[in-house]
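Report on the following structure.
The values are calculated or read from the model by the stated rules, or taken from the named source; none is laboratory data. These numbers come from a predicted model, not from an experiment. All Cβ positions, even for glycine, are placed from backbone atoms using ideal geometry, and neighbour counts span all protein chains on display. Protein only, heavy atoms only, side chains kept; ligands, DNA and RNA dropped before computing areas. Shrake-Rupley method; radii C 1.70, N 1.55, O 1.52, S 1.80 Å.
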Amino acid sequence: MSDLKKLEIWFLTGSQHLYGEETLKKVDLHAATIARSLNDNKLVPVTVTFKPVVKTPEEIGKACAEANNSPGCIGVITWMHTFSPAKMWINGLKILHKPLLHLHTQFNRDIPWNEIDMDFMNLNQSAHGDREFGFILSRMRINRKVVTGHWEDKEVIAKIADWTRAAAGWHDWQGARFVRFGDNMRQVSVTEGDKVEAEYKFGYSVNTHGVGDLVLMINEVKEKEVDDLTRIYQDQYSMSEDLKKGNPRHGSLRDAARIELGLKHFLEQGKFKGFTDTFEDLHGLKQLPGIGAQRLMNAGYGFGAEGDWKTAALVRAMKTMATGLGGGNSFMEDYTYHFNPDNELVLGAHMLEICESIATGKPSCEIHPLGIGGKEDPVRLVFNSGAGQALNVSIVDMGNRFRMLVNEVNAVSPVQSLPKLPVARVLWKPYPDLKRGCTAWILAGGAHHTCYSQNLSTECMEDFASMAGIEFVVIGKNTDIYQFKNELRWNDAYYQLRS
Ligand code: MN
């Protein structure tokens with residue numbers, strides 16, 4: 001994953017000539033101070049670039065066009081320190097197609113009770129200047145994030161930081177390429193979707209290659225590369241005895257390494273940011289990719305099983321958004337339930353492909369039969385995942401729109417050792433509780449595949465959905481099923497009217 005500091009957010013302050021040179025100089029200085037402070041804050045992962053104050057429709061139009069055309073600019077923060085008549089902004093905003101955050105702040109935190117005079121009032125008037133700007137955005141129906149509060153306030157900075165992460169994920173999707181090896185798992189509905197609409201809405205393309213194209217590349221992998229990678233496996237994981245050099249299953253470990261290397265070369269050569277596979281189309285592959293998919297996810301690639309390209313793209317975006325944060329993001333599936341009334345739990349796992357970024361402790365590298373796909377036994381990493389707050393996120397295609405669904409969950413440490421379960425696993429309690437959380441998820445049509453995140457906030461996902469202009473639905477501590485059903489109905493009406 002690349003360093004997000006290479007990406008820029010532009011800090012754009014509006015004003016007008018009415019105030020005179022002296023005031024405008026102060027506006028410039030104050031805006032530069034705020035931009036620098038945000039840029040220097042460790043929570044903010046991107047570069048915040050101050051732009052000179054804009055005072056006319058021409059300057060605004062030019063700044064917006066430049067933001068669009070600057071490849072490093074992933075979004076714009078606007079602030080109206082003084083009053084910037086918003087008709088001046090119409091033509092600029094009409095063309096701006098980078099994410100927008102409206103920071104409703106003011107330079108001074110407190111009112112200087114003894115010194116305040118009309119000069120101070122005329123300089124520090126975002127309380128009404130930002131209302132004028134907010135009106136024009138609402139009038140133009142422009143999606144944006146509004147953050148209110150003093151610019152040194154921790155909560156304000158955290159919200160801005162979250163939004164910049166969402167903008168980084170959004171930027172990463174624009175022009176991104178995802179490859180599918182084989183099609184969708186036969187007859188499965190939720191993993192299907194409109195790839196043309198996705199490219200139009202989300203900016204990424206999804207194209208299929210026959211698995212034979214991948215097999216060719218796997219066959220070209222050099223033995224030396226396989227030697228090196230199996231040594232890395234040996235160093236990084238607790239290797240099961242049968243897989244070690246000289247033991248009977250070592251050949252399978254080498255096969256798994258060869259598959260990982262072939263996949264990696266394929267992704268690198270095609271400049272792909274993620275991939276899907278399916279156990280129904282493994283012609284020429286000895287094993288379903290297990291450890292390879294797990295490790296490539298850990299390296300930042302998106303992954304979706306059974307042809308699930310929407311989740312592959314989502315995993316990639318969320319990994320980009322989480323760059324530099326502790327914890328991880330992984331492809332996930334709600335697998336089985338613990339309906340014990342004293343301790344209701346969901347066990348999340350997949351046949352093989354859970355990302356090691358969410359592992360606690362050293363994963364163990366193991367080989368076990370897979371009763372599906374009809375291939376040789378696949379090598380996989382097995383581990384537990386830690387306790388803490390987390391999210392499950394799904395994007396589904398509702399036919400006339402995409403819906404992003406988030407369920408906030410509380411992950412718990414394993415209550416038992418699960419000695420016979422040969423896959424990586426996570427245990428969690430959905431909010432508000434298992435019954436209502438899962439009922440709401442089912443009502444919303446959420447997929448069985450998700451991206452599981454240990455380090456992104458619901459608000460960050462909401463920002464991302466807003467940038468994409470898609471429906472966003474949350475299941476959390478306050479979810480009430482009756483209200484939730486109504487929300488889904490109202491959203492349906494809204495999107496029917498809009499389309
Ligand atoms: Mn699955």
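Values as computed for the structure displayed
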| quantity | calculated |
| --- | --- |
| Top-ranked residue of segment 207-232 - restricted to ones that are within 28 Å of the chain's Cα centre (by Cα) and in a helix (DSSP H, G or I), ranked as surrounded by the most Cβ atoms within 10 Å (Cβ to Cβ) | L214 |
| Unique residue being open to solvent by less than 10 Å² (accessible area, probe 1.4 Å), away from the ligand (no atom under 16 Å from the Cβ) and either among the hydrophobic types (A, V, I, L, M, F, W, C) or out of contact with any Asp or Glu (no Cβ under 9 Å at 6 or more places or on another chain) (or both) when the list is N329, N343 | N329 |
| Subset of segment 463-499 [open to solvent by 90 Å² or more (accessible area, probe 1.4 Å) and closer than 18 Å to L391 by Cα] | K477, N478 |
| Count of residues meeting criterion [over 14 Å from L381 (Cα atoms), touching a residue at least 40 places away in the same chain (Cβ under 8 Å) and not in a helix (DSSP H, G or I)] in segment 233-264 | 1 |
| Candidate set from segment 120-143 (those that are of a type in the set (D, E, K, R) and assigned to a helix (DSSP H, G or I)); member that is nearest to I90 (Cα to Cα) | R139 |
| Any pair with Cβ under 6 angstrom, 6 or more apart, that starts in segment 300-319 at a residue that is open to solvent by 10 Å² or more (accessible area, probe 1.4 Å) and ends at one that is more than 16 Å from the ligand (Cβ to nearest atom) | R316/K273; K319/G300; K319/N329 |
| Residues that are within 19 Å of V44 (Cβ to Cβ) and either open to solvent by 10 Å² or more (accessible area, probe 1.4 Å) or part of a helix (DSSP H, G or I) (or both), drawn from segment 68-97 | S70, G72 |
| Candidates R401, R380, filtered to the one that is basic (K, R) and open to solvent by 10 Å² or more (accessible area, probe 1.4 Å) | R401 |
| Restricting segment 346-373 to residues that are open to solvent by less than 10 Å² (accessible area, probe 1.4 Å) and within 22 Å of T191 (Cα to Cα), the residue that is nearest to the ligand (Cβ to nearest atom) | H350 |
| Odd one out for Q269 among (1) surrounded by fewer than 16 Cβ atoms within 10 Å (Cβ to Cβ); (2) under 19 Å from I354 (Cα atoms) | (2) |
| Matching residues in segment 404-418 - criterion: being surrounded by 20 or more Cβ atoms within 10 Å (Cβ to Cβ) and farther than 17 Å from I358 by Cα | M404, L405, V406, N407 |
| Selected residue [modelled with pLDDT of 95 or more, open to solvent by 40 Å² or more (accessible area, probe 1.4 Å), hydrophobic (A, V, I, L, M, F, W, C) and under 25 Å from C355 (Cα atoms)] from L434, L443, L421 | L421 |
| Verdict on M398 being modelled with pLDDT of 95 or more and in contact with a helix residue (DSSP H, G or I) (Cβ under 6 Å, 6 or more places away or on another chain) | no |
| Among (1) surrounded by 22 or more Cβ atoms within 10 Å (Cβ to Cβ); (2) within 16 Å of the ligand (Cβ to nearest atom), the one test that L456 misses | (2) |
